[in-house]
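Each remark here refers to the structure printed beneath this line.
The values are calculated or read from the model by the stated rules, or taken from the named source; none is laboratory data. Nothing here was measured: the structure is a model prediction, and the numbers come from that model. Cβ placement follows ideal geometry from the backbone for every residue including glycine, while neighbour counts extend to all protein chains displayed. With ligands, DNA and RNA removed, areas are computed over all heavy atoms of the protein, side chains included. Shrake-Rupley method; radii C 1.70, N 1.55, O 1.52, S 1.80 Å.
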Amino acid sequence: MNHYIDITLRPDPEFPPAILMNALFSKLHRGLVNWGGRDIGVSFPDVAPGKRTLGARLRLHGSKASLEQLMSNGWTHGMRDHTEIGATTAVPVETSYRIVRRVQAKSSPERLRRRLMARKAIEAEEARTAIPDSAAEMLPLPYVEIRSRTTGQQFKLFVEHLPLQASPTSGEFGSYGLSQSASVPWF
């Protein structure tokens, strides 16, 4: 994690930054899946405490070779008019670290209803009565909305930036560039 690339969203009169970040993050996810690398992490340097959006900047972290290889596979196609892509740059010497991870809500009412219907062989209306919409767990975290390529369902991917730490922790990053244990430089 000795290099990074900043990708900044350009202001657009037609699309708010959150919508553009959703599209950019979806493309990044597909790029990471197609590339197969597990050594690229992400962070959102402009995330503001208490806000539900991740800001207008996505930062990719990794080795210079890994970042350049990822960027060469064309995953940003279709977003070039909406973004400014910075150069691959060395991480500053004096930096902190933090884990940026995905947090999943316990369950959505719709998923619980489908499960109940399958297990108990009941109708949708009975499941809706048993599990109301108010059963949804709402996380107070910023998120991106992406569509599952497997199910076609749109969902919120909640992102949590854990507290700063003095030294890095190692580990793998998933196909979203997030990790439960590996840290990224924070500056």
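At a glance:
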{"quantity": "Residue check for Val33: closer than 22 Å to Ala182 by Cα and either buried (at least 16 other Cβ atoms within 10 Å of the Cβ) or without any contact (Cβ under 8 Å) to a residue 60 or more places away in the chain (or both)", "calculated": "no"}
{"quantity": "Only one of Val47, Val42 that is hydrophobic (A, V, I, L, M, F, W, C), on the phi < 0 side of the Ramachandran plot and surrounded by 20 or more Cβ atoms within 10 Å (Cβ to Cβ)", "calculated": "Val42"}
{"quantity": "Contacts under 8 angstrom Cβ, first residue in region 37-52 being free of Cβ contacts under 8 Å to residues at least 24 places away in the same chain, partner buried (at least 16 other Cβ atoms within 10 Å of the Cβ) and assigned to a strand (DSSP E or B), 6 or more apart", "calculated": "Asp46/Arg57"}
{"quantity": "Check on Ile146, open to solvent by less than 50 Å² (accessible area, probe 1.4 Å), part of a loop (DSSP other than H, G, I, E, B) and more than 24 Å from Glu94 (Cβ to Cβ)", "calculated": "no"}
{"quantity": "Residue, surrounded by the most Cβ atoms within 10 Å (Cβ to Cβ), within region 167-187, restricted to residues that are assigned to a loop (DSSP other than H, G, I, E, B) and aliphatic (A, V, I, L, M)", "calculated": "Ala182"}
{"quantity": "Odd one out for Pro13 among (1) open to solvent by 60 Å² or more (accessible area, probe 1.4 Å); (2) under 20 Å from Ser183 (Cα atoms); (3) free of Cβ contacts under 8 Å to residues at least 24 places away in the same chain; (4) assigned to a loop (DSSP other than H, G, I, E, B)", "calculated": "(2)"}
{"quantity": "Pick from region 110-168, criterion in contact with a strand residue (DSSP E or B) (Cβ under 8 Å, 6 or more places away or on another chain) and hydroxyl-bearing (Ser, Thr, Tyr), ranking: farthest from Pro49 (Cα to Cα)", "calculated": "Ser148"}
{"quantity": "Count of region 59-80 residues which are open to solvent by less than 60 Å² (accessible area, probe 1.4 Å) and either under 20 Å from Ser26 (Cβ atoms) or without any contact (Cβ under 8 Å) to a residue 40 or more places away in the chain (or both)", "calculated": "13"}
